[in-house]
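Asker: Quick one: the structure is below, and I'll ask about it shortly.
The values are calculated or read from the model by the stated rules, or taken from the named source; none is laboratory data. Nothing here was measured: the structure is a model prediction, and the numbers come from that model. Using ideal geometry, Cβ is built from the backbone for each residue, glycine included, and neighbour counts are taken over all protein chains shown. These accessible areas exclude ligands, DNA and RNA; they are computed on the full protein's heavy atoms, side chains included. Shrake-Rupley method; radii C 1.70, N 1.55, O 1.52, S 1.80 Å.
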Amino acid sequence: MNTIYTIDLSLHPTTFDLWHVCLAGTVVLLALILIVVLLTVAISLSRKGKATQTTVQPLAAPEPVVKVVEKIVEVEKIVHAPAPEPVVLKEYTPDAALQLLGLLQKEARFIDFIKENIAAYSDADIGIAARVVHEGCNKAINEHFNLAPIRTEQEGGKITLPSGFDASLVRLTGNIVGSAPFTGTLIHKGWQVTSIRLPKLTQGYNANIVAAAEVEL
């Protein structure tokens, strides 16, 4: 047999025993715990929000730093050496040289003396012939050329050649070390021609004939 119980929820308890005291205390304790939890969560969220605002706060953009970079560029400049000037060779006709040779032969028998085999002659005979050749050559040179010494100092004395001296006028010999100025002994004064007076050649003159053959009748 089933028994059905009916509970009237609108009824109010008329007694307040120990059970009800415990139940009421439990409710109050749970309510306090809930309030504490809610307050804790609220405070935590509030702090987290402030921290987030502080963290998320945009930082001021740093000013751009302008770095001046000095770039050294090495440029290899190819300098072409100036092309040497072409050597211009002066071409002269041999007529003047042949003419001078003919004059020396005419005045001093120069070619005869040079071409003669003097091995069979004594020194005295050679000396006599040399005197004749010397006098004739001196006459031919003085008649057709003016000569002057390059250096006026006494031969055998000490001279000093400055920097930039004309190497075509002075020829250095011996132990040449370093650069000018040079100090040395004058061995030879040197000669230079100051004027030339060669005879004019007629048309058709054969300069190759420095000495015509001689026939005595």
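Asker: Return one quarter of the surface area of the convex hull spanned by the alpha-carbon atoms of region 96-138, equal to its mean projected area, in nm². Walk me through the numbers on the way to the answer.
Answerer: Numbers: hull surface 11.7 nm².
About 2.9 nm², averaged over all directions.
Asker: In whole angstrom, how long is each semi-axis of the equivalent ellipsoid of region 105-217, when you take the square root of 5 times every eigenvalue of its Cα gyration tensor and sort them from largest down? Provide the component values of the computation, followed by the final result.
Answerer: Values: eigenvalues 292, 94, 33 Å².
Over the Cα atoms of region 105-217, the semi-axes work out to 38, 22, 13 Å.
Asker: Take each of the peptides 203-215, 180-192, average the number of other beta-carbon atoms within 10 Å over its residues, and list them starting from the highest. Intermediate values should be presented prior to the final figure.
Answerer: Numbers: 203-215: 9.4, 180-192: 12.4.
Put in order of decreasing packing, that is 180-192, 203-215.
Asker: If you average the alpha carbon positions of region 95-125 and of region 149-217, how far apart do those two centres end up, in angstrom?
Answerer: Distance between centres, Cα-based: 21 Å.
Asker: So if R0 is 45 Å, what FRET efficiency would residue 175 and residue 87 give, r being the distance between their Cβ atoms, rounded to the nearest 0.05? Intermediate values should be presented prior to the final figure.
Answerer: Working: r = 30 Å, r/R0 = 0.66.
So the FRET efficiency works out to roughly 0.90.
Asker: Taking H as built 1.01 Å from N, whose amide H comes closer than 5 Å to the amide H of residue 189, not counting residues under 5 places away?
Answerer: The list, which skips near neighbours in sequence, is empty: none.
Asker: Would you tell me the accessible area of residue 112, worked out with a 1.4 angstrom probe on the heavy atoms of the protein chains, in Å² to the nearest 10?
Answerer: 70 Å²
Asker: If you don't mind, another one. Apply the Karplus parameterisation 6.51 cos²θ - 1.76 cosθ + 1.60, with θ equal to phi minus 60°, to every residue of region 206-217 and state each ³J(HN,Hα) to the nearest whole Hz, in sequence, with x for glycine and proline.
Answerer: Those phi angles translate into 9, 5, 5, 8, 7, 7, 6, 5, 10, 10, 9, 9 Hz.
Asker: Which peptide among 93-102, 114-123 comes first, and what is the full order, when sorted by highest mean count of other Cβ atoms within 10 Å? Each step should come with its number before you reach the end.
Answerer: Working: 93-102: 14.3, 114-123: 9.4.
Most protected by this proxy first, the peptides run 93-102, 114-123.
Asker: Could you report the accessible area of residue 158 in Å², rounded to 10, computed with a 1.4 Å probe on the protein chains as they sit in the structure?
Answerer: 150 Å²
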